[in-house]
Amino acid sequence: ICMFVVAKITTLDIVVGTGENIFGVSDGLQSFFNTGLLGAIITTICASLAWRIIASSFPMAFLSNPLIYLIIKLCLGLEKSGVCAAAWVLARYHK
């Protein structure tokens, strides 16, 4: 629910065509800003960076967390299965 709240906060609602666009951008770019997609992209980038910063600042506390340990084990199991490597082969011949 936090993502929806942040996306709503970062969504602009400026009437296109009045000449009062943010940063003086064109009407097409302003209508893109009004969709809220830009805010969603920015919050997604910030949310993904937050985990990296926490992990680099407190590596032992981060890795000793049982949930993180389980997620790492699941990711390593998926990598070991070869599904990710097989996807590249399938993608090459999918053209």
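Leaving ligands, DNA and RNA out of it, report the carbon-plus-sulfur percent of the accessible area of the chain at a 1.4 Å probe. Looking at the chain in its full context, I get 74 percent from C and S.
Note on Trp88 and Cys75: their simple-model spin labels are 1.8 nm apart, each label 7 Å out from Cα toward Cβ. Taking label points 7 Å from Cα along the Cα-to-Cβ direction, Ser57 and Ala40 give a separation of 2.9 nm.
Candidates Gly36, Ala61, Thr10 compared by Cα position along the dipole of the chain: farthest toward the positive end lies Ala61, with charges placed on Cβ.
Rolled with a 1.4 Å probe across the full set of protein chains, the surface gives Asp13 an accessible area near 150 Å². A 1.4 Å probe run over the chain, with the rest of the protein chains in place, finds 84 Å² accessible per residue.
Solvent exposure of Ile14, expressed as accessible area, is near 50 Å², computed with a probe of 1.4 Å over the protein chains only. Counting heavy atoms of the protein chains alone, Glu79 has an accessible area of about 120 Å² for a 1.4 Å probe.
Can you tell me how the chain classifies by the Cα gyration tensor, rounded, prolate or oblate, using a/c under 1.5 as the rounded cut? Oblate.
The values are calculated or read from the model by the stated rules, or taken from the named source; none is laboratory data. In this text, all values refer to a predicted model and were calculated from it rather than measured experimentally. As a convention, Cβ positions derive from the backbone with ideal geometry for all residues, glycine included, and neighbour counts pool all protein chains shown. Side chains are part of the model used for accessible areas, which takes the heavy atoms of the whole protein and leaves out ligands, DNA and RNA. Shrake-Rupley method; radii C 1.70, N 1.55, O 1.52, S 1.80 Å.
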